[in-house]
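I have placed the structure first, in the form of structure tokens, so that the comments after it can refer back to it.
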Amino acid sequence: MSHDRSEPRAAVVLADEVADVSVSAPEVLADLFRRYEHYRVSLAMPDGSRLEQLRNLLRVGPVVGVLALDPARREIVLIRQFRLAAHVATGKGALVEIVAGHVEPGEHPAAAAKRECLEEIGVVPSALYQMFSFLPAPGMVEEYATMYLAIVDAAAVPERAGAAGEAEFTRPMRVDVAAALAALDRNEMHNGFLILALQWLARHWPRLDDFMKSRGTAS
């Protein structure tokens, strides 16, 4: 048996940090459904040199994702919705998703989460808990997502929903938690928000009551 006699490694700080970087003012390439911008970036290197980059950025802004759960029935409420990017990428554009949407200017993410639940699955949560936040595609999108667990009455969910003013159609689906996690294991659903939410649920399901007691409701 071999023994590692090397010096112990220094502790690594596993947290995002502020970068030593200079970023130009944006050049707007397009401003339609979302704004598309061009930047010149100068990033400091450890040896004192600078790395010059040209980067494009799609502006999306803050969004929320909501895992709607009925603990008593052991069900989650998902939606099916058409996504053009998925249609182009895989030919399967009718995605299975969790509730999600944009945070309006001046709106708190928790308020946006409640509003999106009403719009997309037709019910308002009785309680809301913040799970985590993440950057869906930091390579070129500045979208920042806050994820919530919403406690809902699945029996009150209608057959169809969607905000008419936003030209969207969503079909709510009541799904057994075990069935949703089994579908996740089969790699049959490819929406990133959904996958992260279900992975979170699989990790926390055995001690969900403890999580909710420790967090308190989001306002």
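Going 7 Å from the Cα of ARG59 along its beta-carbon direction, which residues of the range 132-158 have the amide nitrogen within less than 17 Å of the resulting point?
The answer is 140-144, whose backbone nitrogens lie closer than 17 Å to the label point.
In debye, nearest 20: dipole of the chain around its Cα centre with unit charges on the Cβ of K, R (+) and D, E (-)? Spell out each step's value before the answer.
Details: 23 positive and 29 negative charges, 87 e Å.
Computed about the Cα centre, the dipole is about 420 debye.
In a shell of Cβ-Cβ distance under 14 Å around LEU194, excluding LEU194 itself, what net charge do Lys and Arg (+1) and Asp and Glu (-1) give? Don't skip to the answer; put the middle values down first.
On the way: positive: ARG80, ARG83, LYS92, ARG186; negative: GLU97, GLU120, ASP185, GLU188.
In short, 0.
Count neighbours as other Cβ atoms within 10 Å of each site's Cβ, and list the GluC sites (Glu not before Pro) in the range 1-88 that are DSSP loop with at most 13 such neighbours. List each step's numbers first, then the result.
Working: sites: GLU17, GLU27, GLU37, GLU52, GLU75; in loops: GLU17.
Sparse-neighbourhood loop GluC sites (Glu not before Pro): GLU17.
Highest GNM mean-square fluctuation, the chain, Cα pairs closer than 10 Å: which of ALA112, ALA202, ALA182?
For the chain, modelled as a Gaussian network with Cα springs under 10 Å, the answer is ALA182.
Using the Cα centre as the reference, give the magnitude of the dipole from point charges on the C-beta atoms of the range 18-99 (Lys, Arg: +1; Asp, Glu: -1; all else neutral), rounded to the nearest 20 debye.
360 debye
Over the chain, one equal point on each Cα, no solvent: what is log10 I(q)/I(0) by the Debye formula at q = 0.10, 0.13 Å⁻¹?
-0.57, -0.87
Compute the long axis of helix 192-204 from its Cα atoms, compare it with the longest principal axis of the Cα atoms of the chain, and write down the angle in degrees, 0 to 90, nearest 10.
80 degrees
The numbers here are math on the coordinates, done by the rules we state, and not lab data. Computed from a predicted model, the values in this text were never measured in an experiment. In this analysis, Cβ positions are derived from the backbone assuming ideal geometry, glycine residues included, and neighbour counts consider all displayed protein chains.
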